Amino acid sequence: MTEGPFPRPARRFESVGFSEIVKVRNRVIELLGAGRRVWRFEGGEPWMNTPDAVKDAMGAALARNQTRYAPSSGIPELRQAILEKVRTRNRIPADAESPVVVVGGMQGLFAAFATLLDPGDEVLLFSPYWTPIVDLVRYHQASPVLVPTAAARSEGLAKALARRTTARTKVLYWNCPNNPTGDVFSRQEVEEIAAFARERGLAVVSDEAYEDLIYEGAPNVAIASLPGMYERTLTVFTLSKSYSMTGWRIGYVVAPERYQSAVKTVVLYTTNGVSTPTQWAAVEALSRGSEFVAQWREGYRARRDRLAAGLTAAGFELETPRAALYLFPKTPSWLSEDSREAARALLDEARIATVPGVVFGPEGEGHLRFSFSVSDEMIAGGVEALAAFAAQGAGRR
Ligand SMILES: Cc1ncc(COP(=O)(O)O)c(C=O)c1O
């Protein structure tokens, strides 16, 4: 048998990483497999189960044999429910063709970048950022251009963006509320960003995965709701966090007319849509609006505050965020300032799983990400283990 050489994978993969958060999770699974107890704060999903009403809606769809191919951009009932939601709640002036149902926020972001990016384009994004964004941009052979958030806020957001804008800048990725910091930008800040995007003729990819998980203060301002912004914005929403549906894999993109056909084409040729029964479950979820989150909000807040108190007592410095699922403290002096080393020590020596801040960009270095969206027992046990480890660590110094 003669055999020629094996073709290598496409070059694009040379610059695309594989989620480091998944690497942490794999190590945790290894420890659990070896029978060890692990205090798990590395995740990023709601602590509640999917509501029964949503599960029942999928069961009912199956019983009705709604199991066949659906239009690849979504069943009309779901697209209509999305349209009403984004027009009334988010105040986005969407039209009937704007909503495209996707396989979670991840496919929505993939479709948004695939729609907008040519090789060589540049994408502005504030840092710290959600890790996969840089890889999604690179997958499309474009370049991420980081804008350090804290420095930009003191310099002035538009000024900081302007300094990093070139003739190749085409897109601004916007994630509010933010993962990993839990920051929510003020209306005034969102207006400043919008004005900048309009003046420079940029498209915006707005990732609003955490829009419902805001515990205090003003609600999120959808950037596409501001004057002249809908026309240049692809807004990506997901049911993962709002309805405790991370494993169902469903979300939606809201696209203005000029981008609708491209977004739909990406969905057609990647997944040909979302599973039909899942879409029926989503119709039920959206019909409940914010009902479930309203029931869960107090539980989130209590968990956030309990974990923040435990971290503070162990010497971590942090600002309590008003949104999302995470605390993003500075590593204390008794732990390494190198966040990978700090996360390694916590996991290997105290069985506490976190995500090293550096995976969220250079501005995340010196921090660790802890999810507070875990069970009460996990918070109690984790805080106890941390206090014991801190006492040992302080003793070592
Ligand atoms: C900022 C941000 N955007 C989007 C997503 C995508 O979520 P999903 O693909 O589960 O809808 C996540 C998930 O963690 C996220 O943190």
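The values are calculated or read from the model by the stated rules, or taken from the named source; none is laboratory data. Quick caveat: nothing in here was measured; it's all calculated off a predicted structure. Methodologically, a virtual Cβ is constructed for each residue, glycine included, from the backbone with ideal geometry; neighbour enumeration extends over all protein chains shown. The area values use the complete protein model at the heavy-atom level, side chains included, leaving out ligands, DNA and RNA. Shrake-Rupley method; radii C 1.70, N 1.55, O 1.52, S 1.80 Å.
For this structure, a couple of remarks:
- Residue match in the stretch 217-233 (condition: within 11 Å of the ligand (Cβ to nearest atom), open to solvent by less than 10 Å² (accessible area, probe 1.4 Å), of a type in the set (A, V, I, L, M, F, W, C) and not in a loop (DSSP other than H, G, I, E, B)): no
- Options Gln295, Gln392; residue that is of a type in the set (S, T, N, Q), farther than 27 Å from Asn220 by Cβ, away from the ligand (no atom under 16 Å from the Cβ) and assigned to a helix (DSSP H, G or I): Gln392
- Some residue of the stretch 184-200 being more than 15 Å from the ligand (Cβ to nearest atom) and aromatic (Phe, Trp, Tyr): yes
- Test: residue in the stretch 9-27 that is in contact with a Ser or Thr (Cβ under 8 Å, 6 or more places away or on another chain) and either more than 16 Å from the ligand (Cβ to nearest atom) or not in a helix (DSSP H, G or I) (or both): yes
- Test: residue in the stretch 201-214 that is open to solvent by 50 Å² or more (accessible area, probe 1.4 Å) and either among the β-branched types (Val, Ile, Thr) or in contact with a helix residue (DSSP H, G or I) (Cβ under 7 Å, 6 or more places away or on another chain) (or both): no
- Filtered residues of the stretch 237-261 (kept if crowded, with 17+ Cβ neighbours inside 10 Å, more than 11 Å from the ligand (Cβ to nearest atom) and in a helix (DSSP H, G or I)): Tyr259, Gln260
- Answer residue from the stretch 304-318, given it is among the charged types (D, E, K, R) and touching a strand residue (DSSP E or B) at 6+ places or on another chain (Cβ under 9 Å) and is nearest to Leu368 (Cα to Cα) among those: Glu317
- Flag for Leu325 being under 30 Å from Ser186 (Cα atoms) and among the aliphatic types (A, V, I, L, M): yes
- Residues of the stretch 310-319 satisfying the condition of being free of Cβ contacts under 8 Å to residues at least 60 places away in the same chain and surrounded by fewer than 18 Cβ atoms within 10 Å (Cβ to Cβ): Thr312, Glu317, Leu318, Glu319
- Lone qualifier among Glu363, Glu349 - being touching a residue at least 40 places away in the same chain (Cβ under 8 Å) and closer than 21 Å to Gly182 by Cα: Glu363
- Thr312 part of a helix (DSSP H, G or I) and of a type in the set (Ser, Thr, Tyr): yes
- Residue pairs whose Cβ atoms lie under 9 Å apart, separated by 6 or more positions or on different chains, with the first residue in the stretch 141-160 and among the basic types (Lys, Arg) and the second part of a helix (DSSP H, G or I), are Arg153/Ala160; Arg153/Glu189; Lys159/Ala152.
- In the stretch 27-54, the residues that are farther than 27 Å from Arg304 by Cβ and surrounded by 10 or more Cβ atoms within 10 Å (Cβ to Cβ): Glu30
- Those helices (runs of 4 or more DSSP H) of the stretch 61-155 in which 2 or more residues are within 15 Å of the ligand (Cβ to nearest atom) and buried (at least 18 other Cβ atoms within 10 Å of the Cβ) occupy 104-116, 132-139.
Every residue, every condition in (1) in contact with a strand residue (DSSP E or B) (Cβ under 6 Å, 6 or more places away or on another chain); (2) within 29 Å of Ala218 (Cβ to Cβ), yes or no:
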| site | (1), (2) |
| --- | --- |
| Ala60 | no, no |
| Ala63 | no, no |
| Gln66 | no, no |
| Ile75 | no, no |
| Gln80 | no, yes |
| Leu83 | yes, yes |
| Val86 | yes, yes |
| Asn90 | no, yes |
| Ala96 | no, no |
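- Count of residues meeting criterion [of a type in the set (A, V, I, L, M, F, W, C) and either in a helix (DSSP H, G or I) or over 18 Å from Phe389 (Cβ atoms) (or both)] in the stretch 346-373: 7
- Scanning the stretch 262-302 for residues that are open to solvent by less than 50 Å² (accessible area, probe 1.4 Å) and without any contact (Cβ under 8 Å) to a residue 24 or more places away in the chain gives a single hit, Ala302.
- Check on Thr166, surrounded by fewer than 18 Cβ atoms within 10 Å (Cβ to Cβ) and hydroxyl-bearing (Ser, Thr, Tyr): yes
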